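Novice: Sending over a structure as C-alpha cells; questions will come in a sec.
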Amino acid sequence: MTPDEFRRHGHQVIDWIAAYQEKIESYPVRSQVAPGEVLDALPQSPPETGEGFEGVLADLDRVLMPGITHWQHPSFFAYFPANASGPAILGDLLSSGLGVQGMLWATSPACTELETRVVDWLAQLLGLPEAFRGNGVIQDSASSASLVAVVAALHRAGGGKPGRDGIEARYTIYTSSHTHSSLEKTARICGIGAAAVRVVDVDPQTLAMDPARLETMIAQDRAAGAVPLLVCATVGTTSTTAVDPVPEIGAVCRRNSAWLHVDAAYAGVAAVCPELRWLNDGLAQYADSYVTNPHKWMLTNFDCTALWVADRAPLVGALSVLPEYLRNQATASGEVIDYRDWQIPLGRRFRALKLWSVIRWYGAQGLREHIRSGIGLAQQLAGWIEADAAFHLHPHHPLGLVCFRPLWPQLPDAEADAATLRIMQRLNDSGELYLTHTKAGGRVLLRMAIGAPGTEQRHVRGAWDRIAAAVRTEAAP
Ligand SMILES: *Cc1c(COP(=O)(O)O)cnc(C)c1O
C-alpha cells in the first residue's frame, strides 16, 4: 500500500468510525448472532492474490457488524465499561503508524520517556503516593500486572536471587472470595499452585476482606510451615465494587513481611476526583504494588493498564535477563529505563501515545467530569431502585456500578434467582440494553455498570423502566 493509497483508505476508515459513532444507538447492544454464524460467513481459505481494501470495509459491514457487541453503546451496562474515545483511537493509530517496538530505551527513546512521563502524570492526577513516582509502567492488562507483582514478590521473598534457584519455600497468597480470578491464574502460572491461594472470608454486609480473619489464616499457615508471600487487596471488586480495608490489611502484611498488592483495576481511576481520594487510603503507608486500568473507565482504548511499585528493585531484579543480542551502550550506562524488564514479554507497543492523547485532550477537568457523570447517573438509578418495593438494592454503590435484584416475594430463593436470570436474558435478547449478573451472599444480583462516554440519563432511565416492566410482566399471574 503506497502512502497515497493509505491516505485514501485511511480517510475511508476514519469516516467509517465517525459514522459508527454517530449511529451506534441504532444497533442492538449485545450481538444477536448464534455460535458459528460469523465463522460460516468467512471464506475457508485466504486469497491467493491481493484483493484491495474496499472488500474489507464491505465485509466489516456485512459479516462482522452483526457479530459485534457494542461496548460504546450508551445502553451498555454489562461487566465494566471499556471506554474508547476519539483521542485514544487517534493516539493508537499514530502508534500503529509509527510501528515502534519499544522493548528497550535504545529501540526508541521517545517511546520509553513518554511512558515514564505520562504514567507519572497519571500518578499525579490520581493523587498516588510519592514513592510511586518514576516507578510506573504500562502493561497490557491488570491480569499481567498482578502476575508481574507476584513475580516481584517472589524475588523479594527469595532474598533477591535471580531465577529463585534453590528456593524451596512453600509460599501462600491471600485473596478474598471476591478477588479477581486473575490472582488464581497467576498462582497457577507461577507454579505456586491454586491450592496455595488462601481465600479469606469477607464481611457479609460490605463484602470486603476481613483483616482479622486474614491475620488468623496467616498465623495458622506460618505455624504449618508456609511463607506468606503476598496479599491482594481489592479496591472496587469486579462483583460489586466492594472495597477491602487496605490500611488494616497493609498492617497485617507489614507484621508478616508479606507483599501488599492493591488491585484497583476498575475503581482506581476515579481518584482523579479529589472527593474520591479515599480510594487511595493506605497506599502510601503499605502498598508494594498498585494497579489501575485507564482502559476501563478512563476513556483510553483497551489495552492500557498502569502498574506502580513502591520499589522497582525486586521487579527489575526478577525480570531482567540480558542476552548478548540486546546489549547496548544506553542499557550498560545504567542511565535509562528498559521497560522490557518491567513486564513478561520482551516486545511492547507504544501505548503511552494514546494515554498522552487522552490526558491532553480532556485535561484533569474533563476526566473528572466523565467520572462524576457516571457516578451521578448510578446514584440516580440507585434512588429509583430503592424507591421500588419490588426490588432489593445492594447498599454499597459508591462508583458507577449498582447491584440489585427483584424480590419475587412469592418465590423460594432458588426459583427467585432463576426468575432474575430469566428476565436478564430476555432483556439482553431484546438488544435494547445489556446487563450482567453476579452472586453475593448466595443470591443472584443484577449488575448495572454505568460509564460509557455516551450514556445520558435517558439511557439509564430507559433501561430501568424496561427492567421494572419485565419484572412486573414476569410476576403477573
Ligand atoms: C477487570 C478487572 C481485572 C482484570 O482486568 P484485565 O485488565 O482485563 O486483566 C482485575 N481486577 C479487577 C478488580 C477488575 O475489575
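The values are calculated or read from the model by the stated rules, or taken from the named source; none is laboratory data. Because the structure is predicted, anything quoted here is derived from the model rather than measured. Cβ coordinates were reconstructed from backbone atoms using ideal geometry, including for glycine residues, and neighbour counts include every protein chain displayed. Note: areas computed on protein heavy atoms with side chains; ligands, DNA, RNA excluded. Shrake-Rupley method; radii C 1.70, N 1.55, O 1.52, S 1.80 Å.
Novice: Any residue at all in region 338-350 that's more than 19 Å from residue 157 (Cα to Cα), in contact with a His (Cβ under 8 Å, 6 or more places away or on another chain) and within 16 Å of the ligand (Cβ to nearest atom)?
Specialist: no
Novice: Within region 50-66, can you find the residues that are among the hydrophobic types (A, V, I, L, M, F, W, C), open to solvent by 60 Å² or more (accessible area, probe 1.4 Å) and farther than 19 Å from residue 26 by Cα?
Specialist: Once the filter is applied, which keeps residues that are among the hydrophobic types (A, V, I, L, M, F, W, C), open to solvent by 60 Å² or more (accessible area, probe 1.4 Å) and farther than 19 Å from residue 26 by Cα, region 50-66 yields only 56.
Novice: Still on this structure, please answer the following. Just to be sure, is residue 344 more than 25 Å from the chain's Cα centre (by Cα) and within 19 Å of residue 290 (Cβ to Cβ)?
Specialist: no
Novice: On to the next question. Using the structure shown, decide if residue 161 is touching a Ser or Thr at 6+ places or on another chain (Cβ under 9 Å), surrounded by fewer than 19 Cβ atoms within 10 Å (Cβ to Cβ) and without any contact (Cβ under 8 Å) to a residue 60 or more places away in the chain.
Specialist: It is false that residue 161 is touching a Ser or Thr at 6+ places or on another chain (Cβ under 9 Å), surrounded by fewer than 19 Cβ atoms within 10 Å (Cβ to Cβ) and without any contact (Cβ under 8 Å) to a residue 60 or more places away in the chain.
Novice: Further, regarding this structure: Of the residues 181, 146, which single one is within 16 Å of the ligand (Cβ to nearest atom) and crowded, with 18+ Cβ neighbours inside 10 Å?
Specialist: Residue meeting the stated conditions: 146.
Novice: Run residue 221 past the list (1) more than 24 Å from residue 318 (Cα to Cα); (2) open to solvent by less than 70 Å² (accessible area, probe 1.4 Å); (3) in a strand (DSSP E or B) and report the number of the one that doesn't hold.
Specialist: Here residue 221 meets the rest and fails (3).
Novice: Sticking with this structure for a sec: Give me the pairs, please: first residue somewhere in region 257-268 and more than 20 Å from residue 214 (Cβ to Cβ) and of a type in the set (A, V, I, L, M), second residue anywhere and at pLDDT below 95 and assigned to a helix (DSSP H, G or I), beta-carbon distance under 9 Å, and either six or more positions apart or on two chains.
Specialist: Close Cβ pairs satisfying both conditions: 265/182.
Novice: Shifting gears a bit: State all residues of region 33-85 that are of a type in the set (Asp, Glu) and outside any helix (DSSP H, G or I); if no residue qualifies, say none. So that I can check it myself, show each step before the final result.
Specialist: Initial filter on region 33-85 (of a type in the set (Asp, Glu)): 37, 40, 48, 51, 54, 59, 61.
If the condition is that a residue be of a type in the set (Asp, Glu) and outside any helix (DSSP H, G or I), then 48, 51 are the ones that fit.
Novice: Among the residues of region 39-94, what is the count of those that are among the small types (Gly, Ala, Ser) and within 16 Å of the ligand (Cβ to nearest atom)?
Specialist: The number of residues fulfilling the criteria is 4.
Novice: All but one of (1) out of contact with any strand residue (DSSP E or B) (no Cβ under 7 Å at 6 or more places or on another chain); (2) hydrophobic (A, V, I, L, M, F, W, C); (3) assigned to a strand (DSSP E or B) hold for residue 402; state the number of the condition that does not hold.
Specialist: (1)
Novice: Please state which one of 172, 186, 112 is part of a helix (DSSP H, G or I), away from the ligand (no atom under 16 Å from the Cβ), polar (S, T, N, Q) and surrounded by 18 or more Cβ atoms within 10 Å (Cβ to Cβ).
Specialist: 112
Novice: Now, a different point. For region 330-379, name all the residues that are closer than 16 Å to residue 92 by Cβ, open to solvent by less than 30 Å² (accessible area, probe 1.4 Å) and not in a helix (DSSP H, G or I).
Specialist: 348, 350, 351
Novice: Within region 425-440, track down each residue that is farther than 16 Å from residue 393 by Cα and either charged (D, E, K, R) or touching a strand residue (DSSP E or B) at 6+ places or on another chain (Cβ under 7 Å) (or both).
Specialist: Selection gives 426, 428, 429, 432, 434.
Novice: If you check 234, 238, which single one turns out to be polar (S, T, N, Q) and assigned to a strand (DSSP E or B)?
Specialist: Only one candidate qualifies: 234.
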